[in-house]
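The values are calculated or read from the model by the stated rules, or taken from the named source; none is laboratory data. Source: prediction; values computed, not measured. Quick reminder, even Gly has a Cβ in these numbers, built from the backbone with ideal geometry, and neighbours come from all protein chains shown.
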Amino acid sequence: MKKLIALIYIAAATILFGYAKAEEVKQAPVIIIATQHSSEIFEGLSVKIINNKAEISWSTANEHNNKQFEIQRSSRGEAFKTIAIFFTLEDSFKTKDYNFKDELKGVGGGKLSYRIKLVDLNNKCAYSKVIDVTI
C-alpha cells in the first residue's frame, strides 16, 4: 500500500510540477545535528549558484514517518511555490545528505529565496529557514 501511495504522489507531482531532478548524495558540504523533533530540522540548508543553476543541499539526522521534502522558491518577495518534490518513505536513523539543482528556467535575475518543506505521513509540515541568493 505504501508503494501505491508513493506512485500516486509521484504521478501527481509530475503532472503538477513537471519533472524535477533530486538526488541523494553521499557527501554534502553541511551536516545537521538536529533531531526529527527539533524546531529547526534543516540547519544545514545551503544554496549556491554554480554554472547558472541553484544548487540546494540539505541533510537530516534521522527520518521517521516522513513522506516528502518539497523544495520551494520565491522570487522578488512573492509567495513560495513548490518547484520539486522528493519522496522519502523509508525511515532512517543515520545522517542523510541531499542535493537538488534548480535549472532556473523562466527565472529572471535578482534575489531568490529558497526553503525546504518537510511533510510527514500525517500531513504535518515543518519548514527550514529561508536562504536568499542573488543571480
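Side notes on the structure shown:
- Hits in the stretch 70-94 - residues which are under 19 Å from Val47 (Cα atoms) and in contact (Cβ under 8 Å) with a residue 60 or more places away in the chain: Thr82, Ile83, Ala84, Ile85, Phe86
- Selection from the stretch 91-135 of residues that are in a strand (DSSP E or B), touching a Leu at 6+ places or on another chain (Cβ under 9 Å) and among the charged types (D, E, K, R): Asp102, Arg115, Asp132
- Taking the stretch 67-111 as the range and being among the basic types (Lys, Arg) and under 19 Å from Asn51 (Cα atoms) as the test, the residues that pass are Arg73, Lys101, Lys105, Lys111.
- Verdict on Glu103 being out of contact with any Asp or Glu (no Cβ under 8 Å at 6 or more places or on another chain) and touching a residue at least 40 places away in the same chain (Cβ under 8 Å): yes
- Here the stretch 77-90 is the region considered, the condition is being modelled with pLDDT of 80 or more and assigned to a loop (DSSP other than H, G, I, E, B), and the residue that is surrounded by the fewest Cβ atoms within 10 Å (Cβ to Cβ) is Ala79.
- Every pair of residues 6+ apart whose Cβ atoms lie under 6 Å, when the first sits in the stretch 122-134 and is in contact (Cβ under 8 Å) with a residue 12 or more places away in the chain while the second is charged (D, E, K, R): Tyr127/Arg115; Tyr127/Lys117; Ser128/Arg115; Val130/Arg115; Asp132/Lys111; Thr134/Lys111
- Qualifying residues in the stretch 65-76 (those that are farther than 13 Å from Ala126 by Cβ and either within 8 Å of the chain's Cα centre (by Cα) or part of a strand (DSSP E or B) (or both)) - the one modelled with the lowest pLDDT: Ser75
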